[in-house]
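The values are calculated or read from the model by the stated rules, or taken from the named source; none is laboratory data. Since this is a predicted model, take the numbers as computed values, not measurements. Backbone-built Cβ (ideal geometry, glycine too); neighbour counts: all protein chains shown.
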């Protein structure tokens with residue numbers, strides 16, 4: 001890869017992401033940084049509302065008719081065909097694919113194309129590897145030997161976000177360590193997600209996540225109910241959209257029932273998350289498994305203390321008694337006690353919050369994560 005004065009030149013990178021909203025949320029800053037470094041950038045994705053915006057930033061948009069939860073083999077073949085078509089059209093030097101389905105289909109596509117560098121980034125192993133359902137076990141049975149073949153080669157680098165996922169993939173003999181890189185998260189803009197400077201008279205606990213059962217939404221609601229039963233003056237707010245293509249999606253009927261009974265508020269998707277974090281006192285994030293949750297990085301950067309289960313991904317961000325409280329998995333009593341402890345101790349909330357921002361500045365900022373990612377790209381020079 002040619003360099004001059006710290007800049008990269010004449011390299012074309014194609015991002016492959018299932019939907020444009022996820023790219024804007026998790027990879028847009030990386031893409032614009034790449035443009036500033038001299039890369040030509042394109043995005044293959046299913047577009048909703050962000051196509052014109054991305055074009056205005058100099059990112060070439062290529063539509064991808066992907067159905068995330070389709071079981072129709074013809075549609076899946078069509079999705080792979082469109083990757084091959086995009087590769088032949090854009091002729092990238094490097095492909096950076098994100099999340100399991102795009103990663104899998106990109107890896108298959110390389111059989112039919114000539115790719116100099118293939119970066120496969122798994123945000124987390126998700127439903128297929130963590131669910132105990134028969135369907136998930138069947139998919140995992142089919143997928144595991146396929147991934148063993150697709151994830152090898154000098155032109156392939158696999159990015160994973162936490163050590164637990166590394167151990168799990170090794171236990172299935174899917175990966176070889178020489179082509180795996182651990183990069184913890186997608187980064188956070190510490191100049192946008194800044195500490196709040198004023199405090200509220202009324203307590204607010206938030207869960208920033210998609211409305212999925214395995215994000216611990218039910219556990220969060222149970223915690224809120226305990227507070228109501230004990231007449232504790234605090235509001236609980238769910239902040240995030242449904243994900244109707246995910247098997248773990250919580251129905252709108254259920255969400256509205258919780259709201260109707262006054263247990264929690266449901267704010268839906270909020271564009272300005274900084275305002276959410278500045279309004280909150282505690283982030284309660286009882287997710288069952290994660291890659292490395294961006295919402296927790298953003299919350300920590302805003303100096304919010306975090307309560308989470310001691311599970312993969314969360315324990316990478318939250319150090320127990322360092323910048324939050326980790327409680328045993330699915331222990332709703334411990335979850336409630338931890339939230340209550342923070343609500344009753346303003347000094348503890350502030351001290352944990354300050355250490356959280358310090359941790360983000362030292363380990364998780366955009367600058368740190370982007371440098372590590374571009375180092376992986378440079379391995380294909």
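Quick look at the numbers
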quantity	calculated
Yes/no for residue 193 being in contact with a helix residue (DSSP H, G or I) (Cβ under 6 Å, 6 or more places away or on another chain), assigned to a loop (DSSP other than H, G, I, E, B) and surrounded by 17 or more Cβ atoms within 10 Å (Cβ to Cβ)	yes
Filter result for residue 296 (within 30 Å of residue 101 (Cα to Cα), at pLDDT 95 or above, assigned by TED's automatic domain parsing to the domain that holds residue 358 and not in a strand (DSSP E or B))	yes
Count of segment 118-166 residues which are over 17 Å from the mean Cα position of the chain (by Cα), in contact (Cβ under 8 Å) with a residue 40 or more places away in the chain and assigned to a strand (DSSP E or B)	2
Unique match (being surrounded by 13 or more Cβ atoms within 10 Å (Cβ to Cβ), at negative phi and over 21 Å from the mean Cα position of the chain (by Cα)) among 71, 60	60
Segment 333-351 - residue that is touching a residue at least 24 places away in the same chain (Cβ under 8 Å) and touching a strand residue (DSSP E or B) at 6+ places or on another chain (Cβ under 6 Å) and, of those, surrounded by the fewest Cβ atoms within 10 Å (Cβ to Cβ)	343
Selection within segment 171-185 - closer than 12 Å to residue 122 by Cβ, in a loop (DSSP other than H, G, I, E, B) and either more than 22 Å from the chain's Cα centre (by Cα) or modelled with pLDDT under 95 (or both)	174, 175
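Quick grid of which residues meet (1) assigned by TED's automatic domain parsing to the domain that holds residue 71; (2) modelled with pLDDT under 90; (3) touching a helix residue (DSSP H, G or I) at 6+ places or on another chain (Cβ under 7 Å):
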position: 107; (1), (2), (3): yes, no, yes
position: 116; (1), (2), (3): yes, yes, no
position: 135; (1), (2), (3): yes, yes, no
position: 168; (1), (2), (3): yes, yes, yes
